[in-house]
Amino acid sequence: MRRKLAAGNWKMNGLRAQLSEIDAMQEAASGGSEVLICPPTTLLTEAVARAGHIEIGGQDCHARASGAHTGDVSAAMLADTGASYVILGHSERRTDHDEHDDEVRAKCKSAWEAGLKAVVCVGETLAEREASNTLDIIGGQLAGSIPDGATGHNLVVAYEPVWAIGTGKVPTTDQIGEVHDFIRARLERRFGAGVGRSVRLLYGGSVKPANAAEIFAVSNVDGALVGGASLKAADFVPIIEALNGASDG
Ligand code: 13P
């Protein structure tokens, strides 16, 4: 009932030559799971032109549709390139740009108004996990970052422990399952069982070909948000294939 989703976040990586990697992902992208690549804004238009079976998304947007905001990009602008998704509230935005839940929520509303699907990111720091605050932090981020009006169509939630991003450290499958089950329960409580069960939940943080199958077997894991290993088809294709081969969690 929930279509699996393999999402790649290229972050601030990739010049035009990088787009050939998208071509090399096409075959795996027709294997059942939805595949999404979020390249830097400069590559969006060309990425959409050669997207084929792959969805294309942005990595952030401004909360307003237009105006005097030098250097920013609106959700309407992303949609105008042909992008269908946008990542919001990534921990690198929360840290580097001091983004808080209320701003992420405003961006999410704006994304929905522009017809984009939002991938809203949540995740605890190492200090928060060590203080046993993980579920409180995730609960607060969910409540604060997701506006009313979520559906299984317009929202994807990505659980990305900050300490697992780009570090090679991955939570245990029990730790991932605990957080994903918690997110599912919170979504069901707030939006009702039907909507709560239809929102896809991605795990993100050091997902690689070697650990993907194990992660995809965890309950309530509907796919992954992949950074470094989404830049090269040689790494991302085996992850997509692991997802295509995973049974429903
Ligand atoms: P890595 O896969 O490089 O750890 O990055 C994860 C991430 O932040 C995806 O948004």
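All of the numbers you see were taken from the coordinates with simple rules; none came from a lab. What you are looking at is a predicted structure, and each value in this text was computed from that prediction instead of being measured. Backbone-built Cβ (ideal geometry, glycine too); neighbour counts: all protein chains shown.
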Contour minus Cα-Cα distance for ASP80 and THR172 (0.36 nm per residue)
29.1 nm
Can you tell me, using C-alpha contacts under 8 Å and at least 6 residues apart, the relative contact order of the chain as a whole percent?
21 percent
How many nm separate the modelled label positions at THR70 and ASN13, each set 7 Å beyond the Cα in the direction of the Cβ?
3.1 nm
Out of GLN141, TYR159, SER110 - ranked by how far each Cα lies towards the positive end of the dipole of the stretch 84-197, with unit charges on the beta-carbon of charged residues - the top one is SER110
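Rounded to the nearest 20 debye, what is the charge dipole size of the chain about its Cα centre when +1 sits on each Lys and Arg Cβ and -1 on each Asp and Glu Cβ?
It works out to roughly 400 debye.
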Of the trypsin sites (Lys or Arg not before Pro) in the stretch 1-31, those whose Cβ has at most 16 other Cβ within 10 Å and which sit in DSSP loop:
ARG2, ARG3
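What length, rounded to one decimal in nm, is gained on full extension from MET1 through to ARG50, with 0.36 nm per residue of separation minus their alpha-carbon distance?
14.8 nm
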Quick check: Cα centre of the stretch 121-136 to Cα centre of the stretch 1-64, how many Å?
29 Å
Rounded, prolate or oblate (a/c below 1.5 giving rounded, otherwise prolate when a/b exceeds b/c) for the stretch 25-89 by Cα gyration tensor:
prolate
How many lysine pairs does the chain hold where the Cα atoms are under 15 Å apart and the two sit 8 or more places apart or on different chains?
6
